[in-house]
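For reference, the structure discussed in these notes is given below.
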């Protein structure tokens, strides 16, 4: 007697097998990071939910955070998008002020704002994903990837940790008529100027730390050369779309200049774009606190990066000078004599300021964006003391 499998059971088995097969095909040889059909690594959301916060915990922390917010930010004068979360769960958020004063558009949870140098955190993540899937290596010379790159000792790692020794493109393109300010500068143009004008290194490669936007403009080119996609498309395919970051994109000066939230000086005077606004990698990502929370949460996924590589991200590389501040691979840090290191990245471009704080031990995300210039954004690190052993004083000021 022949037994026929019910149709719904057969369908379930087939679907399960297909899902399992696709999952295996998407993983690398090490079974660590998923790749798409084109072999490009794709960031995955955290599948298992973190422990649910208790109501009493939420209420307690919400009280402290809200009091800080109300004391620091003035609803009449400030533009701000503000969020604090733990275990991926929002404890407190607030949005106020104008996304665009000319149109009376207010800032909401869905308003993309320029995140300035916090863009470096996302750029570095894409590069590290390429390292994890063995498309490139940390010690690989940039000359093997970018044609005509003029500095033979610069590696992927020295770009990530700001030890390349290169000069800032904002300065050397402005000086000596090296670039026509009426023409928009591109990432490829930076290399062209460095070669044609024989721009020297500021210091010998890997001898000292020097925070420099040129490093991350070059990393954007690395992403393009390795993936075969332009940086905006690569970031969309690798990070934004997989994580559901629907309000996040890379600014395109030819298409977006009239469609994004402008930035303002402290006196509310609007700041226009200039010839440097075509550069991406170091800046030029627009996002929201909620989207950046999705990104931060996904970095706790077990298959985000392999363990050894992840350790390299959160270690300091510059100890030539004594001090608490250091830089990992795409993240700033303060290494106290006691207690946990404090991981963060600040940003400033035109009137936009940003702060992205990720307390790894406590799994806390603190995200603040403003399109009107203010240093209040950088003071948000004080909130870390509500969640862990971080010795910040009330009169601490931040810096970009």
Distance from the Cα centre of the stretch 242-287 to that of the stretch 72-109, in angstrom?
-> 17
Given the Cα-Cα distance of residue 265 and residue 320 and 0.36 nm per residue of separation, how much length would full extension add, in nm?
-> 16.2 nm
Determine the gain in length on full extension of the stretch residue 361-residue 71; use 0.36 nm per residue of separation and subtract their C-alpha separation, reporting nm with one decimal.
-> 101.7 nm
At what distance in nm do the modelled label points of residue 208 and residue 103 sit from each other, each positioned 7 Å from its Cα along Cα→Cβ?
-> 4.6
Just grab the label-to-label distance for residue 153 and residue 301, each label 7 Å out from Cα along the Cβ direction, in nm (one decimal).
-> 3.9
Relative contact order (%) - the chain, alpha-carbon pairs under 8 angstrom, separation at least six | 21
Peptides ranked, highest mean first, by Cβ atoms within 10 Å: ranges 177-185, 297-305 = 297-305, 177-185
Ranked highest first by average number of other Cβ atoms within 10 Å, how do 192-201, 237-246 line up?
-> 237-246, 192-201
Per the stretch 220-297, sqrt(5λ) over the Cα gyration tensor eigenvalues, sorted largest first, in Å, gives 24, 17, 10
Compute the FRET efficiency between residue 338 and residue 62 as 1/(1 + (r/R0)^6), taking r as their Cβ-Cβ distance and R0 = 41 Å, and round to the nearest 0.05.
-> 0.90
Cubic angstrom per residue, convex hull over Cα atoms of the stretch 152-259 | 127
In whole Å, largest first, the alpha carbons of the chain cover along the principal axes 90, 53, 49
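Can you give the alpha-carbon Rg of the stretch 271-338 over 2.2 N^0.38 Å, where N counts its residues? Present the calculation step by step, with values, prior to reporting the outcome.
Details: Rg = 16.2 Å, N = 68, 2.2 N^0.38 = 10.9 Å.
Cα Rg divided by the expected 2.2 N^0.38 Å: 1.48.
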Calculated [θ] (222 nm, deg cm²/dmol) that DSSP helices of n ≥ 4 give over the chain, each run adding -39,500 (n - 2.57) = -8000 deg cm²/dmol
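Here, each number is a calculation from the coordinates, and none is a lab measurement. These numbers come from a predicted model, not from an experiment. Glycine also receives a Cβ, built like all others from the backbone with ideal geometry; neighbour counts cover every protein chain displayed.
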